[in-house]
1. Based on the Cα coordinates of the chain, what is the per residue volume of their convex hull in Å³?
2. Taking amide hydrogens as modeled 1.01 Å from N in the peptide plane, which residues meet the under 5 Å criterion relative to Ile115, leaving out close sequence neighbours?
3. How large is ³J(HN,Hα) for each residue in region 74-80, as worked out from phi by the Karplus curve 6.51 cos²θ - 1.76 cosθ + 1.60 (θ = phi - 60°), to whole Hz, x for Gly and Pro?
4. I want the local charge near Ala103. Using Cβ-Cβ distances under 12 Å, sum +1 for each Lys or Arg and -1 for each Asp or Glu among the other residues.
5. Under 5 Å between amide hydrogens, which residues at least 5 positions from Ala68 or on another chain qualify, with H placed 1.01 Å from N in the peptide plane?
6. Ordered by packing density, taken as the mean number of other Cβ atoms within 10 Å over each peptide's residues, highest first, how do 23-30, 104-111 rank?
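No value in this document is a laboratory result; all are computed from the given coordinates. Fair warning: this is a prediction, and the values are worked out from it, not measured in the lab. Don't worry about glycine lacking a Cβ; one is built from the backbone with ideal geometry, like all the others, and counts go over all protein chains shown.
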Amino acid sequence: MAETTYVQDGETLDWINNTGGAVAAKDVVVIGTNGDAVIGIALVDMANGATGAVTVSGVHEVPKVDAAVIAVGEFVIWDSSAGKFDDNAATPASGDVSGGAWAIESKGATTDATIKVKLSGVPSLLTA
């Protein structure tokens, strides 16, 4: 019997960029509002209003807040104003997403500009 409800694999989503600006491939995007959001990584460049592919799973090397000290296995916070991931001791501000990714490696302060994280792919806390 043929499957008739299948749309896509769910690891990569078609996402409409309604951010008010362009999104570049490799940019972190926040999907959702009203207290819940999923962190994704844009796979293509998208103008505002355009639809493009975003992955919500897998391991990605992403920017890290310079002062953050992050242990392997630690859930990290997407700091939307800095455009980087921070450790879970940081206080989330408006637009930040907590629990949407976790570190697969340990990184120290100042010298490490990036960190590898595993996207959880599940709704996480979006700070109002």
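1. Working: hull volume 14.7 nm³, N = 128.
For the chain, the hull spanned by Cα atoms encloses 115 Å³ per residue.
2. For Ile115, the qualifying residues are Val62, Lys64.
3. 6, 5, 10, 10, 7, 8, 5
4. Taking every other residue near Ala103 into account, the sum is -2.
5. Hits under the 5 Å cutoff: Thr110.
6. Values: 23-30: 17.0, 104-111: 12.8.
By packing density, highest mean first, the sequence is 23-30, 104-111.
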